[in-house]
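In what follows, a single structure is set out as C-alpha cells and then discussed.
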Amino acid sequence: MALKQNSSAQATDDYEQALREYEAELAHYLEERIRPGLNSGAIRMLARSIARDIAAQEPPEVPDNGNAMTDRDAASAGQAPAPDIVADMRDFQAELGADWILRLSVCGHDRWLTAEKKDGSQHVEAPDPEALVNMVDAVNENVAR
C-alpha cells in the first residue's frame, strides 16, 4: 500500500513539474510572438494564430489510473481541427475595409499578403498582417488628403 502511495505521489510531482515547464514554454512563446504597437487588425490575426499554435501543442498528461479520457482523446484519430483560413481572411479583410481585396500567397516556405483596391488603383504586399494594415492605413490616409 505504501509503495502505491509513493508512486502516486511521484507521478503527481512529475506531472506538476511537467506542467510548470509547459507553462514556462508557453509564456516564452507568447513573449516572442507578441510585440508592442500592434493595431486591432493585426492583434486579431495574431491571437488566432497563437491560439492554433497553442492548441496544437500537447500539455503534460494528468496521471490517472488509466481509465480517464481527456477531450483530446475523444477527437477523431488524434487530429487537430483544421484552421478556418477563410473565416480568418474574411475578418481581416473586414478590418481593411470593403473596398480592399485581400489575398494570401504561399510559395514553398515563403508567404505574403496582398491587398488591392477593388478598382485596381492601389496594390500593396507585406509579409505579415501588421505590416499590411500599416500600408493600407497609409494608402487610405494619402487618398483622403
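None of the figures in this text is laboratory data; all of them are computed from the coordinates on show. Quick caveat: nothing in here was measured; it's all calculated off a predicted structure. Methodologically, a virtual Cβ is constructed for each residue, glycine included, from the backbone with ideal geometry; neighbour enumeration extends over all protein chains shown.
Tabulated data
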| read-out | value |
| --- | --- |
| For W100, W112, order by how many other beta-carbon atoms lie within 10 Å, fewest first | W112, W100 |
| Rounded to whole Hz, the Karplus (6.51, -1.76, 1.60) HN-Hα couplings of the stretch 113-124, x for glycine and proline | 10, 10, 10, 9, 5, 4, 7, x, 6, 9, 8, 10 |
| Distance between modelled label sites at D53 and A144, nm, 7 Å Cα→Cβ extension | 3.2 nm |
| Proxy reagent accessibility, fewest Cβ within 10 Å first, across D119, D128 | D119, D128 |
